[in-house]
2 protein chains.
Amino acid sequence: MRSTAEIIAIGSELLTPDKTDTNSLWLTERLNELGIDVKLKTIVGDDEVRLEEVVRDALKRSDLVITTGGLGPTEDDITRPVAARAIGRKLVYRDEIEADLRERFRRWGREMPEINKRQAYVIEGADVLPNPNGSAVGMLIEINRKILAVFPGPPRELKPMYDDHLHPRLVSEAGKIRAKRRVLRIAGMGESAVDEAIAPIYKPYKSVETSILFNRSEVEVHLTAKASSEVDADHVLNEVTEKICKEIGSAVFTTNGESMEEVVGKLLIERQTTLSVAESCTGGLIGSRLTDVPGSSGYFMEGVVAYSNEAKIRTLNVPRETIETYGAVSAETASAMAIGMRQRSASDIAVSVTGIAGPGGGSAEKPVGTVYLGLADKTGARSIKLQLPGDRYLIRWRASQAALDLLRRHLMGKGHETGAAR
Amino acid sequence: MRSTAEIIAIGSELLTPDKTDTNSLWLTERLNELGIDVKLKTIVGDDEVRLEEVVRDALKRSDLVITTGGLGPTEDDITRPVAARAIGRKLVYRDEIEADLRERFRRWGREMPEINKRQAYVIEGADVLPNPNGSAVGMLIEINRKILAVFPGPPRELKPMYDDHLHPRLVSEAGKIRAKRRVLRIAGMGESAVDEAIAPIYKPYKSVETSILFNRSEVEVHLTAKASSEVDADHVLNEVTEKICKEIGSAVFTTNGESMEEVVGKLLIERQTTLSVAESCTGGLIGSRLTDVPGSSGYFMEGVVAYSNEAKIRTLNVPRETIETYGAVSAETASAMAIGMRQRSASDIAVSVTGIAGPGGGSAEKPVGTVYLGLADKTGARSIKLQLPGDRYLIRWRASQAALDLLRRHLMGKGHETGAAR
């Protein structure tokens with residue numbers, strides 16, 4: 001069984017101040033599940049000498065070496081020839097890859113540029129891995145019982161290629177899966193509050209590795225259990241998960257890594273409830289998140305981005321006096337927006353957001369980050385006020401998250417308490 | 001002058017799925033300013049054999065090697081002994097460092113744990129770098145004209161240490177060589193088409209490093225020029241940029257790294273034009289992107305997410321017959337959505353999108369990825385058809401990009417040609 005892996009991320013853009021390699025995080029997670037440790041990660045540019053040395057050294061040190069990137073059609077995509085050289089093999093041209101590329105371009109209504117012929121070269125003796133999501137094929141090469149896996153850089157191409165071709169092979173070698181992982185997501189609590197609440201729960205479990213992360217608007221608890229079988233690992237994870245959910249309750253919105261919009265979507269389907277959304281400061285972000293979920297047309301009816309006051313009055317039927325008396329950013333306007341949106345769309349529930357995302361527009365009374373959420377159903381409307389920290393991007397994101405969480409708690413019948421977003 | 005650097009990030013936590021090394025991004029930016037290229041980054045765990053090899057190899061390849069992390073007082077902090085071994089030097093005990101540590105702990109009202117004595121060992125011959133923000137000193141060692149810099153991992157300790165001790169030294173060595181960077185973004189052309197068109201332009205410039213990247217819906221061209229002064233570097237960059245823009249024309253939507261929504265926002269302000277958006281398959285994404293830009297309330301009036309047919313009829317005034325005759329995803333419906341949106345919001349221009357983002361909903365005649373864009377202004381409405389590749393996420397993103405690009409070209413007065421998104 002393989003126990004050590006190295007990942008080599010290739011591309012000069014990954015050596016700029018702006019780009020970071022994220023593929024390796026995903027790959028590490030998948031490999032760890034099989035008990036394979038990633039011992040080293042290298043990020044190298046379009047630099048033939050260094051890349052060759054790195055590939056050669058990695059194959060000396062580790063059982064499995066995965067390269068990502070550098071398989072594009074342009075001259076600075078050097079992985080094919082350099083990886084071949086590093087292991088002392090030739091590149092060979094495969095007509096069927098070229099034919100496939102031509103067909104792919106034809107389907108897009110374009111002629112294949114001659115430059116793409118480069119992508120039809122593969123390392124001699126490699127298993128060629130088809131790429132349904134891009135033009136670069138991948139490769140698997142076994143050398144002295146070690147594996148060199150050559151994958152494209154875009155995550156959308158790499159992930160299915162790993163899952164379809166490398167993972168099954170590693171699983172069959174590994175025998176029993178030794179580690180399982182679970183991700184709990186929590187809304188409305190801060191990182192330290194979560195840790196304080198759950199540390200006494202997870203600490204006694206020596207076979208469970210726990211890490212707590214904060215990202216934009218939610219806390220994630222990652223639990224990894226190692227056991228001699230999948231069933232045993234799942235058993236321990238279930239136990240810890242149940243205790244955590246009992247301790248912090250409905251703030252846990254998923255125990256299987258789903259996004260907030262997926263959770264809300266499932267609840268809407270279960271409750272056979274339709275939804276519409278009236279957005280001001282979030283500008284369409286809530287609608288965009290909700291409709292990111294396949295099948296959302298089953299419950300999402302309509303959204304309005306009422307950015308200007310006139311739009312609130314005209315399209316959402318907010319009384320002009322309400323805006324004049326209380327302001328566009330107020331509990332009263334939020335409620336009126338939700339009521340107007342629900343009437344317009346004839347949906348069961350409408351959610352609304354109005355707030356000050358900044359950087360301008362704040363005042364002493366209503367500083368940047370002041371956000372009101374509204375929710376209307378057949379029984380009437382209510383609103384809540386939030387004071388969100390962060391810049392424009394974070395305030396908008398957190399407002400969208402809080403609105404979806406308000407909706408979630410409402411659908412769960414937990415009333416309308418919502419956590420103060422961090 | 002030093003021209004190449006490597007960064008080695010040390011710590012097993014950086015090899016988990018949850019943590020990523022961010023120090024190197026900051027260091028890269030600072031080094032690039034001085035014309036020093038980061039050629040390789042390595043992330044290695046608390047693994048003596050691999051770390052020793054990595055440090056040794058790095059010093060063979062590059063003029064400057066920076067290690068971060070692994071200087072704590074615990075057993076898994078291995079950087080001190082391993083770096084010493086890699087360069088064949090001894091560790092020496094420095095009483096004054098221990099005294100300083102004891103004093104530091106005393107100020108915190110604590111006794112120094114014996115374990116912290118480890119932090120008083122330094123590599124023989126190293127310049128010791130004080131750490132006002134933590135207990136681990138740094139080290140600078142010159143070996144055969146190369147520099148090995150050993151820094152602590154926490155960013156708030158590393159950054160001032162770099163700025164106070166390494167940066168001034170590199171500046172004085174670098175003399176006048178400076179590097180400047182420019183990012184061009186291109187819509188409506190693929191990576192290979194861009195490279196074919198501009199390779200003859202950038203290739204002759206030996207002082208300019210060029211890399212071409214594709215991300216979601218746009219191609220980026222990164223140009224880095226080194227010259228004896230900032231003015232000279234700018235001069236070369238201007239020249240290359242101008243030639244590229246002349247060659248591929250209005251497909252270049254920014255030459256200074258702006259996002260599409262920022263570019264569109266500036267054009268709307270310049271042209272004193274107001275905008276509204278009617279979205280179906282993008283579900284609010286276009287509105288969300290537009291309003292992500294501070295000050296967008298100056299031109300963005302209103303958006304409607306008309307997800308259901310009834311919403312298109314009710315709120316956008318699309319004639320029921322249009323939808324029944326041509327379908328919700330059709331040129332006719334796209335135009336009618338734009339006209340209805342413009343009328344509702346009294347904006348100068350309205351843009352609309354209707355399409356099939358998948359995974360369901362496709363047919364032989366209108367497969368997943370079929371998207372129609374509409375644009376209405378005072379002269380009337382028009383529409384264009386796109387066939388976008390990718391999954392739901394990419395189709396939605398590319399549709400939003402194509403809609404913004406259609407708007408951009410319209411505002412630039414270049415008519416309504418738009419590129420086929422890749």
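The values are calculated or read from the model by the stated rules, or taken from the named source; none is laboratory data. Nothing here was measured: the structure is a model prediction, and the numbers come from that model. Ideal geometry is used to build each Cβ from the backbone, glycine not excepted, and the neighbour counts take in all protein chains shown.
Quick one: in the range B:224-233, of everything that is crowded, with 16+ Cβ neighbours inside 10 Å and in a helix (DSSP H, G or I), which residue is nearest to the chain's Cα centre (by Cα)?
This residue is B:Ala233.
When the range B:164-223 is examined, which residues are found to be more than 25 Å from the chain's Cα centre (by Cα) and within 13 Å of chain A (Cβ to nearest Cβ)?
Scanning the range B:164-223 gives a single hit, B:Pro200.
If you check every pair at least six apart or on different chains, which have Cβ atoms under 9 Å apart with a residue in the range B:105-126 that is within 26 Å of B:His165 (Cα to Cα) first and a residue that is hydrophobic (A, V, I, L, M, F, W, C) and assigned to a loop (DSSP other than H, G, I, E, B) second?
These pairs meet every condition: B:Phe105/B:Met112; B:Gln119/B:Leu71; B:Gln119/B:Ala136; B:Gln119/B:Val137; B:Ala120/B:Val137; B:Val122/B:Val137; B:Ile123/B:Ile87.
For the range B:208-224, which residues satisfy the criterion of being at pLDDT 90 or above and farther than 14 Å from A:Asp18 by Cα?
Of everything in the range B:208-224, those that are at pLDDT 90 or above and farther than 14 Å from A:Asp18 by Cα turn out to be B:Val208, B:Val219.
With B:Leu64, B:Leu25 as the choices, which residue is touching a residue at least 40 places away in the same chain (Cβ under 8 Å) and farther than 21 Å from A:Lys60 by Cβ?
The unique qualifying residue is B:Leu64.
Quick check: is even one residue across the range A:187-206 part of a strand (DSSP E or B), surrounded by fewer than 19 Cβ atoms within 10 Å (Cβ to Cβ) and not assigned by TED's automatic domain parsing to the domain that holds A:Val329?
no
Working only within the range B:59-77, note down all residues that are more than 19 Å from B:Leu31 (Cβ to Cβ) and surrounded by 23 or more Cβ atoms within 10 Å (Cβ to Cβ).
B:Gly70, B:Leu71
Condition first: basic (Lys, Arg) and in a helix (DSSP H, G or I). Now tell me which residues in the range B:38-53 satisfy that.
Scanning the range B:38-53 gives a single hit, B:Arg50.
List the residue pairs whose Cβ atoms are under 6 Å apart, where the first residue sits in the range A:266-277 and is in the same structural domain as A:Leu404 (by TED's automatic domain parsing), the second is of a type in the set (S, T, N, Q) and at pLDDT 95 or above, and the two are 6 or more positions apart or on different chains.
Within 6 Å, the pairs are A:Thr274/A:Ser347; A:Leu275/A:Ser347; A:Ser276/A:Ser345; A:Ser276/A:Ser347.
Only one of these conditions is not met by B:Asn238: (1) part of a helix (DSSP H, G or I); (2) closer than 22 Å to A:Asp76 by Cβ; (3) of a type outside the set (A, V, I, L, M); (4) at pLDDT 95 or above. Which number is it?
(2)
Say we look at the range A:9-37 and pick out the residues that are in a strand (DSSP E or B) and at the interface with chain B (Cβ under 10 Å from one of its Cβ atoms); which of these is surrounded by the fewest Cβ atoms within 10 Å (Cβ to Cβ)?
Ranking the qualifying residues of the range A:9-37, first place goes to A:Asp37.
Here are some conditions: (1) in a strand (DSSP E or B); (2) surrounded by fewer than 18 Cβ atoms within 10 Å (Cβ to Cβ). A:Arg56 meets all but one. Which one does it not meet?
(1)
If a residue must be in a loop (DSSP other than H, G, I, E, B) and at pLDDT 90 or above, how many such residues does the range B:59-81 contain?
6
Determine whether the range B:402-409 contains at least one residue that is farther than 19 Å from A:Ser288 by Cα and touching an Asp or Glu at 6+ places or on another chain (Cβ under 8 Å).
Yes: the range B:402-409 contains one or more residues that are farther than 19 Å from A:Ser288 by Cα and touching an Asp or Glu at 6+ places or on another chain (Cβ under 8 Å).
On the basis of being closer than 21 Å to B:His165 by Cβ, in contact with a strand residue (DSSP E or B) (Cβ under 6 Å, 6 or more places away or on another chain), modelled with pLDDT of 95 or more and in a loop (DSSP other than H, G, I, E, B), does B:Arg89 make the cut?
Considered against the rule, which asks whether it is closer than 21 Å to B:His165 by Cβ, in contact with a strand residue (DSSP E or B) (Cβ under 6 Å, 6 or more places away or on another chain), modelled with pLDDT of 95 or more and in a loop (DSSP other than H, G, I, E, B), B:Arg89 comes out as yes.
Consider B:Thr74 against the criteria (1) under 29 Å from the mean Cα position of the chain (by Cα); (2) of a type in the set (Ser, Thr, Tyr); (3) more than 9 Å from chain A (Cβ to nearest Cβ): it satisfies all of them except one. Which criterion is unmet?
That leaves (1) as the condition not met.
May I ask you to list pairs of residues, at least six apart or on different chains, whose Cβ atoms are under 9 Å apart, with the first in the range A:41-60 being over 13 Å from A:Thr79 (Cβ atoms) and at the interface with chain B (Cβ under 7 Å from one of its Cβ atoms) and the second being at pLDDT 95 or above and part of a loop (DSSP other than H, G, I, E, B)?
Pairs that qualify, where the first residue is over 13 Å from A:Thr79 (Cβ atoms) and at the interface with chain B (Cβ under 7 Å from one of its Cβ atoms) and the partner is at pLDDT 95 or above and part of a loop (DSSP other than H, G, I, E, B): there are none.
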